[in-house]
Amino acid sequence: MTTQQADYLIANGLVVSGTCVAKQDVLVKGEAIARVGADVPKGAAKKVIDASGKYVLPGVIDAHNHPDNSDKMDTFSVSAAYGGITTIIPFIRSGRHQGASGTIVDAVKRFIEEGQRTSVLDFGGHASLVGGDDVERDVPALIRMGVLSFKMYMTYPRRGIMIPDDRMVLAIALASREGGLAMVHAENGYVIDYLEERFISEGKVSAEYYAPSRPRILEAEAVMRAATYASTTDCPMYVVHLSARESMDIVANWKDQGLRLYGETCPQYLALTDEAMRRDGALAKIAPPLREPEDNEAMWEGLATGLIDTVGSDFCGFTKAQKRSGGRTPTPEPRNPGIRVQGSESGPQNIFEAAFGGNSAEQMLPVVYHGGVNQGRITLPRLVQVMCENPAKIFGLYPQKGTLQPGADADIVVFDPSVKHTLGAAAQHCKADFTGFEGMEVLGNAVFTMQRGEVVIEGGELRRKPGKAKYLAGDPGLAAYAPKGHAVG
């Protein structure tokens, strides 16, 4: 180490990696970590952050979010930072999702410009493809821009979002050829549409009919189909927001066969059940739906055993009004007079017309820590694997992100395991005015966040201004699925 004084010393904490917990100090110089060890002199840095009695974690990477409703990159990134997240990888949609013009490549360019201007956190990006996208042109172009991952919806055919299977296979094959990663929302859209239509025709439109319209078997079938396409095209596959217990056997079978298959779940599928849908109606409508306690436990077991590799928030940034109006600006006139959404004062007249999505970024780390580590379901190193290391490895950002080692970006979270607090919308730092975790008491919270050597959150206050965020182009050669990529823990 040079004699020049470093900028920060995170001292006296318990540093957590994917393999161990050790009492060590972290020295930060400029934007990078300069040293990690138990013998760093206190005078080595200009400022010391005392982490006594606390854990020192790599910054969390949220690789699943949609900041395109009330919360855009500006307010979403602030909310994420308060939750101990230092890197965000949102899904980017072309205008075709709304029936408008514009290519996905154009949308990515606009998104990068917006993020660099308004985000307080570094960011990457996934591309969401729909049937009208020119995948032969767009997939190679996006990979050259550092967008390695391509999400395809196996559901929502009537909304024009589902990509037909023939186009999906082509996109998967192109991603394989170009060094990318296929991603799927795995639910059988045709059967869901059939069930919804049947329930509506029978007047069964209250909240208790939502989960039965999207049964677990429809997720399991789609996971099997997507894995089959990935195996046939020799493409790595990432399945977002796994929720159904039956999916775990399918994931295990394909992983045992050597398929480069990565599974993700979300905090809502670990801690919430269909009881929340019955209680909160439209506000609890997500897809796949909230399920049963047995499914929660299956997701926890999947995290513990390695069947599930990551946790993502699936943050959407909706307000209550948007949820109840199907995602659009509410209008005074109801769309179907006579039937009301459970728990709403206005908006859509049945549960099938409410918008999909929730708000969980700020709550994600404390929910996973409390339900996982505090309850003995996963270890603290495993939490770091699934929330920090593995997302960085899978999406070609490791070891720049996701780890506390010399040379890595100084993305650091100090986590206090003794902080007891109640989750709720009033504590959020975003425009979204509800959360599915309202009233949940948890033990443990992020109290300090740093990115690339700059303090983001300290003392409950936002310290970083927009305009300093970097766009993170994924490197296919560093991705976990590359021939010389990093193995996923």
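The HN-Hα couplings worked out from phi for the range 455-463 by the Karplus form 6.51 cos²θ - 1.76 cosθ + 1.60 (θ = phi - 60°) are 5, 9, 10, 8, x, x, 10, 7, 9 Hz, whole numbers, x standing for Gly and Pro. Take every DSSP beta bridge whose two residues both sit in the chain; close to 50 percent of them are antiparallel.
How do 443-456, 38-51 rank on mean C-beta neighbours within 10 Å, highest first?
On the way: 443-456: 22.1, 38-51: 14.5.
My ranking of the peptides, most packed first, is 443-456, 38-51.
Structure note, pairs LYS47/LYS431; LYS320/LYS393; LYS72/LYS468; LYS204/LYS431; LYS401/LYS484; LYS29/LYS484: Cα-Cα distances above 27 angstrom occur for LYS47/LYS431; LYS320/LYS393; LYS204/LYS431; LYS29/LYS484. Working from Cα positions, state the angle (0 to 90°, nearest 10) between the long axis of helix 293-305 and the longest principal axis of the chain. Once rounded, the angle reads 40 degrees.
Across the range 13-22, rounded Karplus estimates of 3J(HN,Hα) from the backbone phi angles (6.51 cos²θ - 1.76 cosθ + 1.60, θ = phi - 60°) give x, 9, 7, 10, 10, x, 10, 7, 10, 9 Hz, Gly and Pro being marked x.
Extension gain for the segment ILE217 to THR379, taken as residue separation times 0.36 nm less the Cα-Cα distance, is 55.3 nm to one decimal. When +1 charges are put on Lys and Arg Cβ atoms and -1 charges on Asp and Glu Cβ atoms, the dipole computed for the chain relative to its Cα centre reaches about 980 debye. Quick check: the angle from helix 104-118's long axis to the longest principal axis of the chain, C-alpha only, nearest 10 degrees? Around 50 degrees separate the two axes. Peptide packing for 417-429, 73-85, 377-389, 223-235 was compared via the average number of neighbouring C-beta atoms within 10 Å per residue; ordered from the highest value, the list is 73-85, 377-389, 223-235, 417-429. Per-residue 3J(HN,Hα) values for the range 235-243, derived from phi via the Karplus relation 6.51 cos²θ - 1.76 cosθ + 1.60 with θ = phi - 60°, read 10, x, 9, 10, 9, 7, 5, 5, 9 Hz in sequence order (x marks Gly and Pro). According to the Cα-based calculation, Rg over Rh for the chain is 0.96, with Rh computed by the Kirkwood formula. On the principal axes of its alpha-carbon atoms, the range 57-213 has extents of 49, 38, 31 Å, going from largest to smallest.
Return one number: the angle in degrees, 0 to 90 and rounded to the nearest 10, between the long axis of the Cα atoms of helix 135-144 and the longest principal axis of the Cα atoms of the chain. Here the helix axis deviates by roughly 10 degrees. Only Cα pairs under 8 Å and 6+ residues apart enter the sum, and on that basis the relative contact order of the chain stands at 20 percent.
Amide H contacts of PHE448 (H built 1.01 Å from N, in plane; Pro and chain starts excluded): VAL414 sit under 5 Å, all sequence-distant by 5 or more or on other chains. Using bins of 5 Å that start at zero, the share of Cα-Cα pairs per bin across the range 335-489 amounts to 2, 8, 12, 15, 17, 15, 12, 8, 6, 4, 2, 0, 0, in whole %. Near GLY326, the amide H atoms lying under 5 Å from its own belong to ALA355; only residues 5 or more places off or on other chains count, and H is placed 1.01 Å from N.
Only the coordinates and a few stated rules stand behind these numbers; no lab work does. All values derive from a computational prediction rather than experimental measurement. For neighbour counting, all protein chains shown are included, and Cβ atoms are generated from backbone atoms with ideal geometry for every residue, glycine included.
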